Amino acid sequence: MLVQVLTQLAVVVTVMILIGVAVFVGRYRLRDTRREWRDRVLAALPVTLVLVIVLATNSAARQDVPDLSWIIDWNATWAIYDIEGEFVLWLQSYATPEATAFFSFIYIYGYIFLLAFPVIAYFALSNTRPLRELLAAYTLNYVFGLVLYTFIIAYGPRNMMPDVVALMYDTYPRYQSLTRQVNRNTNVFPSLHTSLAATVSFLAYRTRAVYPKWAAVAIFLGICVAISTMYLGIHWAIDVIAGIGLAYVSVTLATLLVGRWSLADSIDTDRLRAAIRRR
Amino acid sequence: MTAGESDRDVGGPSRRSLLATTGALIATTSGCIRQTRSIVNRDGLDQLSLTITTLPADGDRESIQLARELETVLETVGIDVSIEMRSHEEFLRAVLINHDFDICVGTHPGGTDPDYLYETLHSRFADESGWQNPFGYTNLQVDELLERQRTVDPDQRDDAVAELLDAFAVEQPFVPICAPDEHRLVRTDRFDGWGEGHPATRLGYLDLEPADGVDRLRAVNTDARISENANPLMAEYRDQDPFVDLLYDSLATEHDGDIEPWVAEDWTWDDGTLTVTLRDDCRFHDGEPLRADDVEFTYRFLADTSLGASETPAPSPQYRGLVSAIDDVSADDDHQLTFTATTNEPVAERALTVPILPEHVWESRSEPASVPGVQIAQGTTEAVVTDNWPPIGSGPFRFDERGERDFVTLARFEDHVSLRPEVDLPEPTVDSFRVQIDPRSTSAIENVETDAADVTTRPLETYVIDDIEERDETQVLESPSWTFYTLGFNTRIAPFSNPRFRQAIAALVDRAWLVEEVFDGYASPIAMPVPAAWTPEDLAWDGDDPTTPFLGTDGDVDVDAARSAFEDAGFRYDSDGELRVRQ
C-alpha cells in the first residue's frame with residue numbers, strides 16, 4: 001500500500017511542478033538556467049549539504065526523540081487545551097466532504113508541491129540568494145523543530161478529543177501508512193507543516209517582484225496548509241501560531257546568515273569549476 | 001504531581017511567615033504571640049485538584065473519552081480537574097511502576113478467575129511495582145477475604161468470592177465501568193477455524209485451517225509495542241496480546257475457562273502438592289533442551305528476579321499473583337516437578353499458566369540494571385528492563401525478524417511438541433506469521449478488506465464496528481472479554497484513601513450512559529470486576545449499580561445530590577461551590 005501511495009504522490013507532484021514551471025518560470029529563465037546551472041549549483045552547494053545533513057540527522061533522531069521526550073516528561077497537551085479549548089472542534093463543525101477532500105489534498109500533495117516548487121523556481125534565477133535563503137530557512141526550521149519536539153510532549157486535538165474526527169485518516173486510511181513513517185503523535189508543537197509552508201510564503205512575498213503570480217499562489221497555499229492541519233484535527237491553533245512564529249524566526253535568521261557568510265566564496269570555486277568543465 | 005500539593009508548598013509558608021512577622025510587630029505580649037501562632041499555624045483546605053491520567057485516542061480512543069466525560073462531571077461538583085495523556089507504555093509505567101497518578105482511566109486485564117483480585121488488592125503488594133496492587137489499596141479485612149477465597153475448599157469458593165465482592169462493593173478500591181465487546185475482522189477465504197480458541201490467546205492462532213497454497217498468516221496489529229519489546233515480564237509493554245503466548249510455552253493453558261495440559265503431560269493434586277510430569281524432549285528455539293530445572297528456575301525467578309542477590313526481593317511486575325500461589329518448586333528429575341501450593345487446587349492450577357523461561361538466557365539477567373552516572377531504583381534487575389530481542393522461548397512460533405513500529409515476523413518452530421504425531425495439541429499450521437503494525441482501526445480494517453491481512457489481532461475500536469461491511473470473504477469475529485475499563489484511585493494519597501470519597505465518586509459514573517455514548521453500545525456496564533458467572537445476583541448490574549447507583553439521569557449529574565453525598569462523607573464546600581479537602 002505504501003509503494004502505491006508513494007508512486008501516486010510522486011506522479012501528482014511532478015505534474016504539478018511541471019505546470020508550475022510552465023506558468024511561473026517561463027522559457028527564457030529555463031534557457032539561462034541551461035547555460036548557468038553549474039555556477040548556481042556551486043553557489044547553493046554548501047547550504048544544500050548542510051540541509052541534507054540536518055535532514056539525515058533529523059530522520060535518524062526522530063526514532064529516539066520520543067524516548068528522550070518521555071525522560072524529560074514535559075507534557076504540554078493539557079495547557080494547550082486549557083488555553084484554546086475546542087476551537088478545532090468548532091472548525092470541524094463546518095466540515096463538508098468537498099472541504100475534507102480539498103484539505104486532505106492540500107495537506108499531502110499541496111504541501112509537498114509548495115516545498116519542492118520554490119527550489120526549482122529559485123534555481124531558475126541568476127541571483128542565487130533566494131535559493132540559498134530558502135534552503136537555509138528549511139534547515140533552521142528542522143533544527144528548531146527537532147529541539148522543540150524533544151523538549152515538549154504534546155498530543156494533537158484528535159488525540160484529546162476523539163470527537164474531532166481524524167478526517168483524513170478516517171476518510172482516506174491509506175495516507176496513514178504514509179504519515180506514520182514521518183510523524184510521531186507526540187510531536188505536534190509546533191506545526192512543522194505550517195512553519196515550512198509559511199517559510200515559503202514569506203520568501204515568495206519577498207520575491208514577488210520576480211514571481212508575482214507565484215507569490216499569490218504560495219500565500220494562498222500557505223494559508224490553506226495552515227488551515228488544513230487544524231481542519232483535519234492534526235494540530236491545535238496554538239501549534240499553527242507557533243509554526244508561523246518559527247517560520248518568521250527561520251526566515252529572518254536565514255537572511256542574516258546567508259548575507260553574512262557566503263560559504264561558496266570561501267571555497268576555491270575556480271578550481272572546482274574547472275574540474276566540472278573538464279568532464 | 002498534584003497541583004494542590006504544590007500550591008500549598010509554595011503559598012503556605014510565605015503567607016504564614018508574612019503574617020507571623022506582622023503579628024510579631026503588633027503583638028507586644030507573649031500571650032498575644034502564642035495566640036497568633038495558634039491562628040496562623042493552621043493549614044487551610046484547598047479546592048480538590050486532581051489529574052486524570054489516561055491514554056491518547058491513538059492508543060485507546062475510549063479511555064480518553066471516558067476521562068473527558070469524567071472531567072466534566074467532576075468539574076460540575078466543584079473539583080478542579082486536568083487530564084494527562086501518556087502513551088501506552090508511559091501510562092503503564094506511571095500507574096504500575098511508579099504509582100505516579102491521582103486517578104487513572106484505562107483498561108484492566110481482569111481475569112477469568114476472581115483470584116486475580118488477590119494480586120490486584122492484597123496489601124502485601126502495595127509497595128511492589130507491576131500489576132500487583134497498583135492502586136496501593138490496603139485493608140486487613142479485605143486481605144483476609146482475598147486469602148480465604150484461594151484457600152477454602154473449592155466447593156465453598158463461590159460463597160467466599162461473594163463475600164469478597166460484598167466488601168469490594170462497599171470499599172470501591174477501583175470503579176469497574178464496563179466490559180467492551182471484542183470484535184475482530186478475519187478473512188475466511190484464506191483460513192478456517194477462527195474463534196475455536198480465544199484470539200487474545202495462543203489458541204486463537206493454532207489449528208487454523210489454511211486454504212490450499214496458503215502458508216503465511218498475516219495479522220495486523222494496532223499496537224506498536226510488540227515490535228519494540230518482547231519481554232514477557234515487562235508490564236509496560238504487555239497487554240492482552242497472544243504473542244508472548246505463542247513464543248513462550250507454559251505448563252498448562254487455559255481453554256474456555258479450564259486449565260488444560262500444554263508442556264506438562266499431566267499433573268496430580270494431592271492435598272496441597274502438585275506433581276507435574278513434563279512431555280518428553282521439549283526444546284527451546286535455540287536448540288537447548290527444556291528441562292524441569294528451567295521450570296523450577298522460572299518460578300524462583302518470577303518470585304525474585306534478583307535470585308536472592310538483592311537485599312529485598314525483586315518480584316516480576318507480571319504473573320505475581322499466579323506465582324504467589326506456589327510456595328516451593330523442586331525438580332525431582334528431568335521430567336518431574338513437585339509444587340507445594342499455599343492455595344486450593346483451582347488457584348494452584350492457574351499458576352501453571354506462566355511462561356517458561358530458559359534458565360541459560362535469563363539467569364544472567366538477575367544482575368542489577370545500570371546506566372553510568374544514574375542512581376537506579378532498588379530492585380531494578382536487568383530482567384525487568386531488557387527488550388529481550390530475540391525472544392527465546394519454546395512456543396509454537398519462534399521469532400524471525402522485526403522492524404521497529406513496522407512489523408514482526410514469527411516462523412513455525414518445527415521442533416514444537418504439538419507437531420509430534422503422538423501429541424494431540426493445537427498446532428501451528430503455517431510456516432510464518434507476519435504481524436503488521438498499523439495504528440488505526442480503520443486502516444487495519446482496510447488491510448483485511450483488501451486482502452493484505454487475514455486478521456486484526458487486537459479488538460477493533462467500537463466506533464468503526466457499525467461501518468464494517470461484511471463480505472463473503474471476511475467475517476466479524478465476536479469474542480467474550482474479561483478485560484474491563486476502570487477508574488483507578490491512587491489510594492496511597494488523600495482523599496482517595498478514604499472509602500467514603502471513593503463511593504461518592506463511584507456514584508458519579510453513569511455507566512449505562514457511557515456505554516451508549518462512548519462505546520456505541522458495544523460494551524456491557526458492570527458493577528463487579530469479575531465475570532458474570534462469579535457475580536452473585538444481588539451485586540450484578542441490574543440497569544444500575546446495585547450499591548452505588550448513579551446520582552442523576554442520562555449522564556447529567558444531580559449536582560445537589562452529589563454535593564450532599566460528598567458532605568455526608570465528611571467533605572466541605574465553600575461558598576463558590578468548590579469542594580475543599582485536605583490533600
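Things to note:
- Ranking A:TYR142, A:TYR122 from most to least accessible surface, computed with a 1.4 Å probe over the protein chains only, gives A:TYR142, A:TYR122.
- Pairs of Cα atoms farther than 15 Å apart, segment B:177-266, %: 68
- Farthest toward positive dipole pole in segment B:224-352 [+1 Lys/Arg, -1 Asp/Glu at C-beta], among B:GLY321, B:PHE243, B:ALA224: B:ALA224
- Paramagnetic label zone (point 7 Å from Cα along Cα-to-C-beta, B:SER123; backbone N under 20 Å) in segment B:486-503: B:489-503
- Other residues with beta-carbon under 10 Å from the beta-carbon of B:ASP554 carry, at +1 per Lys or Arg and -1 per Asp or Glu, a net charge of -4.
- Which of A:MET160, A:PHE105, A:TYR81, positive extreme of dipole for segment A:2-278 (C-beta unit charges): A:PHE105
- Ranked by how many other beta carbons lie within 10 Å on average, peptides B:46-58, B:245-257, A:29-41 from highest: B:46-58, B:245-257, A:29-41
- Of the chymotrypsin sites (Phe, Trp or Tyr not before Pro) in segment A:71-111, the ones in a loop by DSSP (not H, G, I, E or B) with at most 16 other beta carbons within 10 Å are A:TRP74, A:TYR94.
- Inter-probe distance in nm under a simple model that places probes 7 Å from Cα toward Cβ, at A:ALA101 and A:ILE53: 4.7
- Within 10 Å of each Cβ in B:56-64, the average number of Cβ atoms from other chains: 5
- Antiparallel DSSP beta bridges within the protein assembly as shown, percent to nearest 5: 80
- Put a dot 7 Å past the Cα of A:GLU86, heading toward its Cβ, do the same for B:ASP327, and the two dots end up 5.9 nm apart.
- Across chain A, the relative contact order, built from alpha-carbon pairs under 8 Å that are at least six residues apart, equals 28 percent.
- Sites B:GLU470 and B:ASP556, calculated FRET efficiency, Cβ-Cβ separation with R0 51 Å, nearest 0.05: 0.90
- Protection proxy ranking, peptides A:249-256, B:136-143, A:51-58, B:452-459, average beta carbon neighbours within 10 Å, highest first: B:452-459, A:249-256, B:136-143, A:51-58
- Using the Cβ of B:ASP258 as centre and a radius below 12 Å, the other residues enclosed give a net charge of -4, where K and R count +1 and D and E count -1.
- Label-point separation in nm, B:THR342 to B:ASP424, each point 7 Å along Cα→Cβ: 3.8
- Residues B:HIS360 and A:ASP32, FRET efficiency given R0 of 60 Å [Cβ-Cβ distance, rounded to 0.05]: 0.25
- If R0 is taken as 56 Å, the Cβ-Cβ distance between A:ALA10 and B:ALA532 corresponds to a FRET efficiency of 0.50.
- Prolate/oblate/rounded label for the protein assembly as shown (Cα gyration tensor, a/c 1.5): oblate
- Annotation for segment B:344-408 versus segment A:1-51: alpha-carbon center distance of 51 Å.
- Alpha-carbon centroid distance for the pair segment B:30-104 / segment B:507-583, whole angstrom: 19
- Each 10 Å bin, from zero up to the one with the longest distance, holds this percent of the alpha carbon pairs of segment A:2-278: 6, 26, 34, 22, 8, 2, 0.
- Span-like helix criteria (full DSSP H runs; alpha carbon extent of at least 15 Å along the helix axis; mean Kyte-Doolittle hydropathy of at least 1.0) are satisfied in chain A by A:2-20, A:111-123, A:212-231, A:237-260.
- Contact order for segment A:187-257, expressed relative to its length and based on alpha carbon pairs under 8 Å spaced 6+ residues apart, stands at 50 percent.
- Whole-Å distance, taken between Cα centres, linking segment A:187-229 and segment B:139-201: 56
- GluC sites (Glu not before Pro) restricted to segment A:74-162 and DSSP loop, no more than 13 other C-beta within 10 Å: none
The values are calculated or read from the model by the stated rules, or taken from the named source; none is laboratory data. Here the structure is a predicted model, which is why all the values come from computation and not from measurement. With ideal geometry, Cβ positions are generated from the backbone for all residues, glycine too; neighbour counts draw on all protein chains shown. What goes into the accessible areas is simple: the full protein's heavy atoms, side chains included, and nothing from ligands, DNA or RNA. Shrake-Rupley method; radii C 1.70, N 1.55, O 1.52, S 1.80 Å.
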